[in-house]
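Accompanying notes for the structure given below.
The values are calculated or read from the model by the stated rules, or taken from the named source; none is laboratory data. Keep in mind it's a predicted model, so treat the numbers as computed, not measured. Note that each Cβ is placed from the backbone with ideal geometry, even for glycine, and that neighbours are counted across all protein chains shown. Just so you know, the surface numbers come from the protein's heavy atoms only, side chains and all, with ligands and any DNA or RNA stripped out. Shrake-Rupley method; radii C 1.70, N 1.55, O 1.52, S 1.80 Å.
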Amino acid sequence: MAHSMLTPFSEYLKVEQSKYPELTLDNIQKLKESLEDDDNLPPISDKRYLAFLHSCNFDIELAKKTIQSCYRFHFRIPQVFCELDPLADDIELSYNCLSIGQMPTVNTNKNDRVLFMMFQDTNHEMFEYLPLFKYLAMWMNYTLLKYGTCDGMVIVIDTKGLNWRHIVKIPIGISAKMLKFLEVGLPIRLKAVHVLNAGSATQMLMKMVTRLANQELLEKIILHPAGSDDIFNYISRNELPAEVGGSGKSHSFFNDELYNDLIDFRDVFLEQNEILNNQMMYVNQRHDQDDE
């Protein structure tokens with residue numbers, strides 16, 4: 001079942017409990033109470049608490065620490081998490097440069113959910129990392145709100161067309177924080193990242209990632225060389241677009257679908273921006289007062 005922005009929590013919870021009975025209202029309340037004295041956190045919705053509890057395999061203490069880490073990184077890189085707008089110029093540029101789509105065959109149940117990415121335009125001058133990070137942040141919020149939780153999120157990246165000119169544009173500081181966020185702050189279960197058509201540029205990128213990421217995250221990254229069809233040992237053809245040998249529609253269909261869905265959820269992102277920016281201002285003012 002797909003939810004809407006207006007789906008009440010009681011209805012959302014009922015659907016999620018049908019997938020995971022461990023998501024009890026009592027445990028969600030315990031998680032909320034464990035964080036009620038943490039002034040560094042913004043207001044958090046019940047749906048968000050549920051997502052963190054699920055992502056941490058129903059471990060309340062781990063979910064608490066993950067929430068604290070999540071918002072700590074939100075405030076360390078606000079240019080990623082606090083400025084989300086699917087109608088912004090940089091997001092439109094990313095939409096035209098990259099194709100990012102959620103495969104539809106598994107959205108409404110608890111099975112793994114697939115996000116597919118590839119270049120539409122390989123011109124390095126069009127490509128920027130910051131809009132990509134923002135795009136992925138919006139997708140993460142959107143997929144939880146619309147489709148709820150699932151066993152695992154699987155990201156498939158076709159790197160055909162990637163070259164050293166794309167690699168040298170990486171903002172090291174922001175990227176290092178993003179990798180750390182992936183390690184300790186995700187409200188989703190990241191199962192795997194499959195990299196298709198991995199060549200010399202991918203190896204260059206992986207050298208950088210290897211220096212920054214921990215072993216647990218690195219073990220989730222699986223490289224597939226050009227010409228390999230090993231990806232279908234992990235993901236069925238039904239869950240990938242035609243351009244990489246799947247039996248789904250063209251990647252452009254899924255790219256358009258996700259982009260338009262993000263626009264439909266724009267009010268959610270703008271409200272979140274306001275909440276996060278207000279909280280960041282409050283925390284900064286309190287720290288300034290402590291320094292006086």
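Between HIS166, MET138, GLY148, the Cα set farthest toward the positive side of the dipole of segment 71-197 (charges on each charged residue's Cβ, about the Cα centre) is that of GLY148. If R0 is 41 Å, the Cβ-Cβ spacing of LEU130 and ASP38 corresponds to a FRET efficiency of close to 0.90. Oblate is the label for segment 150-216, because a/c, from the alpha-carbon gyration tensor with a ≥ b ≥ c as root eigenvalues, is 1.5 or above and a/b does not exceed b/c.
Using alpha-carbon pairs under 8 Å, 6+ residues apart, how would you state the relative contact order of the chain in percent?
On the way: 407 pairs, mean separation 66.2, N = 292.
Dividing the mean separation by the residue count of the chain yields 23 percent.
Here the translational diffusion coefficient of segment 203-292 follows from Stokes-Einstein with Rh set to the Kirkwood radius across Cα pairs; for 37 °C and 0.692 mPa s it amounts to 183 µm²/s.
Placing R0 at 22 angstrom, the Cβ-Cβ distance between ASP90 and GLU257 gives a FRET efficiency of 0.60 after rounding to 0.05.
Annotation for segment 22-50 versus segment 76-148: alpha-carbon center distance of 26 Å. The convex hull defined by the C-alpha atoms of the chain has an orientation-averaged projected area of 15.4 nm². Taking a point 7 Å from the Cα of GLU22 along the Cα-to-Cβ direction, the residues of segment 148-162 with backbone N closer than 20 Å to it are 148-154. Can you list, bin by bin at 10 Å, the percent of alpha carbon pairs in segment 20-129, starting at 0? Result, from short to long distances: 12, 30, 31, 22, 5, 0 percent.
For the chain, a Gaussian network of Cα nodes joined below 10 Å ranks MET206, MET281, MET153 by mean-square fluctuation, and the top entry is MET281. For the chain, carbon and sulfur atoms together expose 50% of the accessible surface, with a 1.4 angstrom probe and every protein chain in place.
Taking label positions 7 Å along the Cα-Cβ direction at both GLU216 and GLU243, the computed distance is 3.3 nm, reported to one decimal.
Note on MET208/ASP229: beta-carbon distance plugged into 1/(1 + (r/R0)^6) with R0 of 25 Å gives a FRET efficiency of 0.35. If you wrap the tightest convex hull around every Cα atom of segment 76-151 and split its volume per residue, you get 103 Å³. Based on Cα contacts under 8 Å between residues 6+ apart, segment 184-289 shows a relative contact order of 18 percent. Mind checking the dipole of segment 130-202: about its Cα centre, +1 per Lys or Arg Cβ, -1 per Asp or Glu Cβ, Debye to the nearest 20? That gives a dipole near 180 debye.
What's the local net charge at ALA2, with K and R +1, D and E -1, over the other residues with C-beta under 11 Å away?
Details: positive: LYS146; negative: ASP261.
Charge balance near ALA2 sits at 0.
Counting Lys and Arg as +1 and Asp and Glu as -1 over every other residue whose Cβ lies under 10 Å from the Cβ of VAL244, the net charge comes to -1. Label positions at GLU61 and GLN79, each projected 7 Å from the Cα along the C-beta direction, are separated by 3.8 nm.
Extension gain SER69-LYS14, at 0.36 nm per residue separation less the Cα-Cα distance, in nm?
Here the segment from SER69 to LYS14 would lengthen by 17.0 nm.
Placing unit charges on the Cβ atoms only, positive for Lys and Arg and negative for Asp and Glu, gives segment 1-111 a dipole magnitude near 400 debye about its Cα centre. Rolling a 1.4 Å probe over the protein heavy atoms gives the chain an accessible area of 47 Å² per residue.
Taking the DSSP beta bridges with both ends in the chain, the antiparallel portion is around 25 percent.
Note on the chain: with charges restricted to the Cβ of Lys and Arg (+1) and Asp and Glu (-1), its dipole about the Cα centre is near 900 debye. Ratio of Rg to Rh for segment 57-98, alpha carbon only, Kirkwood? So for segment 57-98, dividing Rg by the Kirkwood Rh gives 1.21.
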